[in-house]
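Please read the structure below before turning to the comments.
The values are calculated or read from the model by the stated rules, or taken from the named source; none is laboratory data. Just so it is clear, the model here is predicted, and its values are computed rather than measured. Quick reminder, even Gly has a Cβ in these numbers, built from the backbone with ideal geometry, and neighbours come from all protein chains shown. For accessibility, only protein heavy atoms count, side chains too; no ligands or nucleic acids. Shrake-Rupley method; radii C 1.70, N 1.55, O 1.52, S 1.80 Å.
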Amino acid sequence: MQLLTIVYIISFASLTIADVVTVQQCSEGSLPVSVDVTGCRATPCELPKGQDAAVLVDFTADRHLTALVPRVHASFGGMTVPFELPDDRKDGCQWLVGGMCPVSQHEDVTYELRLPVLAMYPSLSLTVELKLVDQDNKIATCFHLQAKVV
């Protein structure tokens, strides 16, 4: 019984120290329920060069989704540029945690974004925008995250 109690306490403690950060809403699309950036407790999040930034995006589908495509943009120095994800990360349905497409209306979904931060990138502050776009090219969820490449 004591072992079971200890397991519950450890599990609860790990849930309470999740790296959920504050994000800003996009001009269109609903804000996710939460965004968890590994290793980041407050913005701007540091994105170490030579590593993938791991981001968990929890959202509730407001309609039936048969496809999800991540569209990432980076804004810095007064310009916004698209961020091309590797081919194996372009199908958002393949990166749903514990789920798969199709997604039912009102279903709670977790999408995992693995964003490669190449060693050759300059050190700078930027805003990362993630849009998850559905089969009709409509935004399922969207947010802006303040970050720094370090």
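For this structure, a couple of remarks:
- Residue under evaluation Phe83, criteria (1) surrounded by 12 or more Cβ atoms within 10 Å (Cβ to Cβ); (2) of a type outside the set (S, T, N, Q); (3) within 12 Å of the chain's Cα centre (by Cα); (4) more than 14 Å from Ser30 (Cα to Cα), criterion not met: (3)
- In region 65-80, residue nearest to Ala140 (Cα to Cα) [restricted to those that are part of a strand (DSSP E or B) and open to solvent by less than 30 Å² (accessible area, probe 1.4 Å)]: Leu65
- Residue under evaluation Lys131, criteria (1) of a type in the set (Lys, Arg); (2) without any contact (Cβ under 8 Å) to a residue 60 or more places away in the chain; (3) surrounded by 14 or more Cβ atoms within 10 Å (Cβ to Cβ), criterion not met: (2)
- Residue within region 108-116 that is closer than 21 Å to Asp36 by Cβ, out of contact with any helix residue (DSSP H, G or I) (no Cβ under 7 Å at 6 or more places or on another chain) and open to solvent by 50 Å² or more (accessible area, probe 1.4 Å) present: yes
- Among the residues making up region 93-150, those that are under 22 Å from Gly50 (Cα atoms) and assigned to a loop (DSSP other than H, G, I, E, B) are Leu118, Ala119, Met120, Tyr121, Pro122, Ser123, Val150.
- Some residue of region 44-63 being open to solvent by less than 30 Å² (accessible area, probe 1.4 Å), without any contact (Cβ under 8 Å) to a residue 60 or more places away in the chain and in a strand (DSSP E or B): no
- Answer from Glu112, Glu84, Glu129 - the residue that is of a type in the set (D, E, K, R) and farther than 21 Å from Asp19 by Cα: Glu84
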